[in-house]
Amino acid sequence: MAQLDLSDIGRSADLFQTGRASPLTRFLFNWAMEMAYRLRDAAPKATGGLGQSAAPNAKSEDKAVAVQIEMDEYWDFVNEGVDGTQRSFGSPYKFTQSTKVAGIFHGLRESMWPATKSLHPQPDQTIDEMTWAIAHGVKKGGIEPTYFFENIMTDEVIDQLQRQLLDEFGRALLEKTFDNL
């Protein structure tokens, strides 16, 4: 979450009102919306739900504006991956021997992941039996990281935001400051 502290601006603080309709809030919200669109395009398309969940949010508090991009809670598992019991990616998340396959199974079934991949059970197998077998495979093999978030939110993108903020508001701040002298 990007946060700007405007408490030291002094007499020019009125230039940066932080209400929902302020120019600064609108600027940062529009930037977050662009980043959310990029994340939607970059997110893996297993079911499409993760990418569609990316949504910008801007909050104004006292003399600060906070922008964030909200996504379904499992986004970081997809981004960072999950180490399996037999294969590791160096992820901070891990399936262990005590991980219940039922949780993985229910997640797969609720997302209808097998259907989105056009997977069909063997003739002597139900869709639930096939999904259970896939869940066992996921536990063992893990989930490979995609790094879709880091591929979008790079240092270069943050540097570009800083330059845009300076271009957009820096001149106005200087003009307002020198007008007040």
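The values are calculated or read from the model by the stated rules, or taken from the named source; none is laboratory data. This structure is a prediction, so every number in the text was calculated from the model and none was measured. Cβ coordinates were reconstructed from backbone atoms using ideal geometry, including for glycine residues, and neighbour counts include every protein chain displayed.
Tally up the residues in the stretch 79-103 that are closer than 19 Å to residue 46 by Cβ and in a loop (DSSP other than H, G, I, E, B), please. Number of matching residues: 7. Of all positions in the stretch 164-178, none carries a residue that is in a loop (DSSP other than H, G, I, E, B) and touching a residue at least 12 places away in the same chain (Cβ under 8 Å). If you go through the stretch 104-163 one residue at a time, how many are part of a helix (DSSP H, G or I) and either within 27 Å of the chain's Cα centre (by Cα) or within 18 Å of residue 74 (Cβ to Cβ) (or both)? Residues meeting the conditions: 34. When the residues of the stretch 49-103 are filtered to those that are within 19 Å of residue 31 (Cβ to Cβ) and either β-branched (Val, Ile, Thr) or modelled with pLDDT of 95 or more (or both), the one that is farthest from the chain's Cα centre (by Cα) is 65. The set of residues in the stretch 34-47 being in contact (Cβ under 8 Å) with a residue 60 or more places away in the chain and either in a loop (DSSP other than H, G, I, E, B) or more than 12 Å from the chain's Cα centre (by Cα) (or both) consists of 43, 44, 46, 47. Of all residues in the stretch 92-137, exactly one satisfies the criterion of being basic (Lys, Arg) and touching a helix residue (DSSP H, G or I) at 6+ places or on another chain (Cβ under 7 Å), namely 109. Residues of the stretch 99-124 that are exposed (fewer than 13 other Cβ atoms within 10 Å of the Cβ) and not small (Gly, Ala, Ser): 100, 110, 117, 119, 120, 122, 123, 124.
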